Every structure is written in C-alpha cells, then in structure tokens.
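Undergrad: One structure coming up, written as structure tokens, with questions to follow.
Any read-out appearing in this document is the output of simple, stated calculations on the displayed coordinates, not a laboratory observation. Quantities reported herein were computed from a predicted structural model and do not represent experimental measurements. When we count neighbours, we look across all protein chains shown, and the Cβ atoms used for this are built from the backbone with ideal geometry, even at glycine.
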Amino acid sequence: MSMHFTKDHEWISVEGDVGTIGITDYAQEQLGDVVFVELPEVGKTVAIGEEAGVVESVKAASEIYAPVSGEVVEVNQALADEPAKVNEAPEGAGWFVKIKLSDTSQLDALMDADAYKAYVASVS
Amino acid sequence: MTDDTSSSDLLKTPLHDRHVALDGRMVPFAGYAMPVQYARGIIAEHKWTRENAGLFDVSHMGQAWLVGSDFAATAAALETLVPGDIAGLKPGAIRYTQFLTDEGGIIDDLMVTRPADPALDGRLFLIVNASRKDVDYAHMRARLPGTVTLEPIEDRALMALQGPKAEGVMARHCGAAVDLAFMAACDATLDGIPCHISRSGYTGEDGFEISVPADKAGAMWDTFLAASEVEPIGLGARDTLRLEAGLCLYGHDIDETTSPVEAALTWSIGKRRRAEGGFPGYERIRRELADGPSRRRVGVRPDGRAPAREGTEIAVGDATVGKITSGGFGPSVGGPVAMGYIETAHAAVDTEVVLTVRGRAEAARVAAMPFVPHRYKR
C-alpha cells in the first residue's frame, strides 16, 4: 500500500488498482468544521483533476478533485450522517471515495508523504 | 481552501494582539484583520455562546457621536435620514434603524442611542457597520444641517458579551449594567474603567455591548475571559448566530436595492414616521406598506442536509422566484438554514420551493424566522 498527495491537499492510498481518496489533515484544519459532504455516484468515471465530490464547512464549499483517472467503485456513505468524521479522521474513517485506477502510472506525478510535508510547510 | 493571508495594510483593532495570542485565525474583513475563529472552531464557539457566554471583538464597527444643540434638534436632524422614531427615544434607549437612499434602498443599518446622562443632551451615539462607515459618514456630512455635527469616535474599542451567562458575568463587574433591559444603555464603570454599556447584541441571545477606551480594552477583555463561563468567539460564529436569529447582514441580506419593508424590517419604522414620512425613500415605503412589496425577505429551510449558500436561486415549479442572500449550517438547528428574497406570492411559511445547489434541485420550504428563538431580556 502506498500513500500519495496532491497540491490540492487530497491523499490517495492505493491497494492493487483501487485507490481510496480523502483530504489531508492540513486540509480539514484549514476548512474548519465540516458539515456536509457531497459524493459522486458509484460507476461514474472521473478524469484527473475533475470534481470527485464537494466538502462543505460552516463557511464555504470546496471541491475535491480526483488525483487520478478512474471509475468510482465505492463512496463513504457514513459521511452523509457524520460529516464531522472528515475533521476527526481525515486520513482514515473520513475518506470520501474509492476509485479503480485506469492508469496506475498517474501516481508517479503525485507527492509522497515527505514531499507533501515539505509542500505544506512552504504554503503555510 | 480558504485564504488566510492577512496583508500588512489591514487595520488592527485594539485587541489584535489578544487574538493572535489566542491563536485566532485572522482574516481580512471590511479592511480589518479579524479573527474568524479560535482553536475550538466555529461550531463549538457558536454552541458555547448559546449555552454560556461568548466574547466578541466588534471594534471594527463605527462608533460616532451626532452632536446638536439639544436632543430635539439632533433627533430631528437624524430623522431626515432614517425612518426610525428617533424623537421618541427616552433617555438611555436604543433604536435600530437604517440610512436610506432617496429611492428607499438601505445604505446601512445602525443602532442609535440617546444617552441616559442629561449632561449629554443633544448627543446621539451611533454604531454603524465597519464596511459602510466611510459611506455613512460622507452621507451624513453631506445631508445634515450645519448645526449638527458628526464626530467619529476613533479611540474606543467595542466588545460584545453574549449568551445566557453574560448577565451573571457582568453582575460581578458592573451591577448597573445588569439592571438594563433589552435595547437600553447606560454609562458605567466596569472594574474602575469608564465605559458605555448597552443591553444589545446581534446573536439572538441576551447580552451586552461595551464601548471602552481603546487603551483599556485589553484589560477588560482579559477580565471577561478570566471567567469560566466566557470563551472568545470569532466572526464565523457571529455569522451563524445572527443567521439563526434571523438578523440581516449588510451587503448580503440588505443593500441599496432592498427597502426596509422588503427586508421585513417594517417593525423598525415608527408609527408616526409611517404616517408623516419626512425621510428618504418615503414614497416607496409608503407604497410598499399600503400595497405590499413585490418581494420579501423570508427564512428558507432545505429539507436535505446540503447548505444553500448566498446566490442560490429559489424556484417554484419552473419559475425562478427568488434568491438566497445568506445561508449555511446552523449549529444550534443542527442543519442548513438560509434567508433570501422571494416574490410575495410565494412568501407564505411552508411554501414548497426548489433550490438549485450546484446544478442539483434540492427541496426546501419557506420557514418562519428566527430559526432559534430570541432570548432577549425584556
């Protein structure tokens, strides 16, 4: 299993050809209290950088972008009743969608944990 | 992601260092660096205020004196600009009113206090919105008679202590303030600091607003925060509190296109003023009072959980009949709440409407406001 990060503060954790996607701890901290999460339909195909959901904090709505292309195979239904899971466990129980990757080589363009940590330090 | 960069040309309130020390997340607001939230977050701050007492820095708002020869003269001058019954103010009483354009649109909303102290006869104390103070001051200077002068107050801070436990906290520092009823004010000393205290606020809760010399503001802030019932509250929770309380935010729910009648602020126009007029935009307001306005501000409750933000279109059937002007998540309600303008034919409570949220139709209904009952001290 490997974990990759985007400059938009999403993470993707890949097992085989299925990636689990969420937002990073830094992102949830910046957003503040999450009150609503809009998730895509299972079966939808998304391209890199396309909207794969919307996360709403008290103050505003923010898009979640697909870090890779693929087909949505599962969404985290628990977030419908407990959107605050995104704040409590952004890189665990607060995941958003699972995507079957169409091209695993797209992961090469993403940051690893150390690179992301350095990136966050540079923008915050 | 939100942009938290605060540029160096932002103004700072006298309490700025306190906010930074408390890890307040500082954001630009109306030209000031202001805390949108502290570490606990907006929902916790909101609920704390409803259950305990929240302390807000509102020093960015404009405080000013209007000074004339006596109360009658100053009140008469202000009445040429606003529809509120100013002449009828008793000493120590506060009125909510609006500056109006000649077309009856709202330039700003404001609080007007007639000082209780007879030595201040001829003075009215005004509090206006931060984002509008320059516009308001220019408007007043251009329109007021030469015998009445505007004196902006630059050396005072303003803080609000709001919530059911505010009275108990205040009782330990200033007994005179506790005797005030809602929308009344007095001059008092709080732990030896001379200040102006009013029983008012913008959260729907009981509470106080305290105007204090800028150099004493930090000490007073620390005094309040030392109480176990008090937590600092940022602008984010101030916004959710006032939204649940059904209170207008200038630039969103009211502006120069909306009249007080459309905005459901008719209650703030005195009976005498409705009959006599003598304020800008009277023709429109008289007409809207007689015939009903073509649109009005209403509460809107989405059936689902998706918040409806400002700008969301309101439809009935295929027809667009209005627009959301403030909307989001109400922490005390536990779900989305909004307000907006809707054509009067569809403004009745419980009318089913459709909101277009990110291209998706979301069912909602017109709702009575406030969403959370007011708990003012009557």
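Undergrad: Extending each Cα 7 Å along its Cβ direction at B:D102 and B:S228, get the distance between those two points in nm, one decimal.
TA: It works out to 6.1 nm between the two label points.
Undergrad: Run the reach check for A:K7 against lysines, Cα to Cα strictly under 18 Å, same-chain hits fewer than 8 apart removed. What comes back?
TA: Output for A:K7: A:K117.
Undergrad: Which one of A:W95, B:Y341, A:V75 is farthest out on the positive end of the charge dipole of the protein assembly as shown, using unit charges on Cβ (Lys, Arg +1; Asp, Glu -1) and the Cα centre as origin?
TA: B:Y341
Undergrad: A follow-up question, please. Work from the charge dipole of the protein assembly as shown (Cβ charges, +1 for Lys and Arg, -1 for Asp and Glu, about the Cα centre) and give the residue of B:C248, B:S200, B:G68 farthest towards its positive end.
TA: B:G68
Undergrad: Project the alpha carbons of chain B onto their principal axes and report the range along each, largest first, in whole Å.
TA: Computed over chain B, the largest-to-smallest principal extents equal 62, 51, 41 Å.
Undergrad: Kirkwood hydrodynamic radius of the stretch B:213-366 from all distinct Cα pairs, in Å?
TA: Value: 17.5 Å, from the Cα pair sum.
Undergrad: What whole number of Å gives the distance from the Cα centroid of the stretch A:1-60 to the Cα centroid of the stretch B:243-268?
TA: After rounding, the separation between the Cα centres reads 37 Å.
Undergrad: Using only alpha carbons, build the gyration tensor for chain A and give me the equivalent ellipsoid semi-axes, biggest first, whole Å.
TA: 20, 18, 12
Undergrad: So, one more: Using the Cα centre of the protein assembly as shown as origin and beta-carbon charges of +1 (Lys, Arg) and -1 (Asp, Glu), tell me which of B:A30, B:G218, B:L89 is placed farthest towards the positive end of the dipole.
TA: The residue sitting most towards the positive pole is B:L89.
Undergrad: Another question, then. If eta is 1.306 mPa s and T is 10 °C, what Stokes-Einstein diffusion coefficient results for the stretch B:92-197, Kirkwood Rh from Cα pairs, in µm²/s?
TA: So the translational diffusion coefficient is about 101 µm²/s.
Undergrad: Sort out for me the Cα centre separation of the stretch B:197-219 from the stretch B:93-120, rounded to whole Å.
TA: Measuring centre to centre over Cα atoms gives 18 Å.
Undergrad: As a footprinting exposure proxy, order A:L110, B:L265 by other Cβ within 10 Å, with the fewest listed first.
TA: Ordered from fewest to most neighbouring Cβ atoms within 10 Å, A:L110, B:L265 come out as A:L110, B:L265.
Undergrad: How about the stretch A:1-76: which GluC sites (Glu not before Pro) there are in a DSSP loop, with at most 16 other Cβ atoms within 10 Å of their Cβ?
TA: Passing sites in the stretch A:1-76 are A:E41, A:E50.
Undergrad: Is any residue of the stretch B:236-253 close enough, with backbone N under 20 Å, to a label point placed 7 angstrom from the Cα of A:A84 along the Cα-Cβ axis, and if so, which?
TA: Residues B:236-242, B:244 qualify, since their backbone N sits under 20 Å from the label point.
Undergrad: Quick check on chain A: helices-only [θ] at 222 nm, where DSSP H runs of length 4 and up contribute -39,500 (n - 2.57) each and the sum goes over total residues. Nearest 500, please.
TA: -5000 deg cm²/dmol
Undergrad: Okay, next question. How big is the C-alpha Rg of the stretch B:1-110 next to the rule-of-thumb value 2.2 N^0.38 Å, as a ratio?
TA: Compared with the compact-globule rule of thumb, the stretch B:1-110 sits at 1.43.
Undergrad: Here's a follow-up. Over the Cα atoms of the stretch B:150-260, each weighted equally, I'd like the Debye log10 I(q)/I(0) at q = 0.10 Å⁻¹, rounded to two decimals.
TA: Scattering profile of the stretch B:150-260, log10 relative to I(0): -0.32.
Undergrad: Scan the stretch A:1-66 for trypsin sites (Lys or Arg not before Pro) in coil per DSSP, keeping those whose Cβ has at most 13 other Cβ atoms within 10 Å, and list them by number.
TA: Within the stretch A:1-66, the qualifying trypsin sites (Lys or Arg not before Pro) (loop, at most 13 other Cβ atoms within 10 Å) are A:K7.
Undergrad: Counting pairwise Cα distances across the protein assembly as shown, what percent come out greater than 39 angstrom?
TA: In whole percent, the share of Cα-Cα pairs in the protein assembly as shown beyond 39 Å is 31.
Undergrad: Whole angstrom only: what separates the Cα centroid of the stretch B:288-344 from the Cα centroid of the stretch B:26-42?
TA: Centre-to-centre (Cα) distance: 26 Å.
Undergrad: Among B:T240, B:T223, rank each residue by its count of other Cβ atoms within 10 Å, from fewest to most, as a rough exposure measure.
TA: Sorted ascending by nearby Cβ count, the order is B:T223, B:T240.
Undergrad: About the Cα centre of the protein assembly as shown, what is the dipole size in debye to 20, counting +1 per Lys and Arg Cβ and -1 per Asp and Glu Cβ, all else neutral?
TA: Once rounded to the nearest 20, the dipole reads 2000 debye.
Undergrad: What list do you get for A:V120, B:V58, B:V128 if you sort them by fewest beta carbons within 10 Å?
TA: Fewest-to-most ranking of A:V120, B:V58, B:V128: A:V120, B:V58, B:V128.
Undergrad: So for the pair A:E51, B:R272, with labels modelled 7 Å out along Cα→Cβ, what separation do we get in nm?
TA: 5.4
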